[in-house]
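The values are calculated or read from the model by the stated rules, or taken from the named source; none is laboratory data. The structure displayed is predicted, hence computed values, not measured ones. Cβ: placed from backbone, ideal geometry, glycine included. Neighbour counts: every protein chain shown.
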Amino acid sequence: MGLFSKKNTSSEQRSGASDKLIIDVRTPSEYIEGHVTGSINIPVHELRTKVKELDIEGKSIILYSGNGKRSEHASFILKSLGVDSKNAGGLNDLTSKLRSSNF
């Protein structure tokens, strides 16, 4: 299927590596239009409550959005909750990073 999917990925799927959790913080309609394979969709405005439902112990949290603004905000939200995360920027940024390295 590759790194980018136009298929809606279920929230049970994770990135290829079990030590990473890739979260798309865009709207569900944006996610359906295309997303990183294995990512889960949690819109930024739902992140504060939904993060409590995730198994994040020992995982590297990677956030992305359309252009990086919402993922930056999401990273701030998680930091305020004591959760470390990495803002990967926009969808195209993350896709490029995943293609070029073991991000």
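Taking the options Leu47, Leu63, Leu54, Leu81, name whichever one is aliphatic (A, V, I, L, M) and over 14 Å from the mean Cα position of the chain (by Cα).
Unique residue meeting the criteria: Leu81.
I'd like to know if the range 49-72 contains one or more residues that are of a type in the set (Phe, Trp, Tyr), in contact with a strand residue (DSSP E or B) (Cβ under 7 Å, 6 or more places away or on another chain), under 22 Å from Ser101 (Cβ atoms) and at pLDDT 95 or above. Spell out the reasoning first.
Residues of the range 49-72 that are of a type in the set (Phe, Trp, Tyr), as a first pass: 64.
Still in the running and in contact with a strand residue (DSSP E or B) (Cβ under 7 Å, 6 or more places away or on another chain): 64.
Still in the running and under 22 Å from Ser101 (Cβ atoms): 64.
So of that shortlist, the ones also at pLDDT 95 or above come out as 64.
The answer is yes; a qualifying residue exists.
Could you pull out the residue among Ile32, Ile42 that is of a type in the set (A, V, I, L, M) and out of contact with any Leu (no Cβ under 9 Å at 6 or more places or on another chain)?
Being of a type in the set (A, V, I, L, M) and out of contact with any Leu (no Cβ under 9 Å at 6 or more places or on another chain) holds for just one of Ile32, Ile42, which is Ile32.
Of the conditions (1) in a loop (DSSP other than H, G, I, E, B); (2) modelled with pLDDT of 95 or more, Leu21 fails just one. Which one is it?
In the conditions (1) in a loop (DSSP other than H, G, I, E, B); (2) modelled with pLDDT of 95 or more, Leu21 misses (1) alone.
Being of a type in the set (D, E, K, R) and either surrounded by 19 or more Cβ atoms within 10 Å (Cβ to Cβ) or farther than 21 Å from Gly34 by Cα (or both) is the filter here, so list the residues in the range 77-103 that pass it.
Within the range 77-103, Lys79, Asp84 qualify.
So if I check each of Glu30, Glu46, which one is surrounded by 15 or more Cβ atoms within 10 Å (Cβ to Cβ), charged (D, E, K, R) and modelled with pLDDT of 95 or more?
Selected residue: Glu30, the only one of Glu30, Glu46 that is surrounded by 15 or more Cβ atoms within 10 Å (Cβ to Cβ), charged (D, E, K, R) and modelled with pLDDT of 95 or more.
Every residue, every condition in (1) among the basic types (Lys, Arg); (2) within 15 Å of Lys86 (Cα to Cα), yes or no:
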{"residue": "Ser39", "(1), (2)": "no, yes"}
{"residue": "His45", "(1), (2)": "no, no"}
{"residue": "Lys52", "(1), (2)": "yes, no"}
{"residue": "Asp55", "(1), (2)": "no, no"}
{"residue": "Ser60", "(1), (2)": "no, yes"}
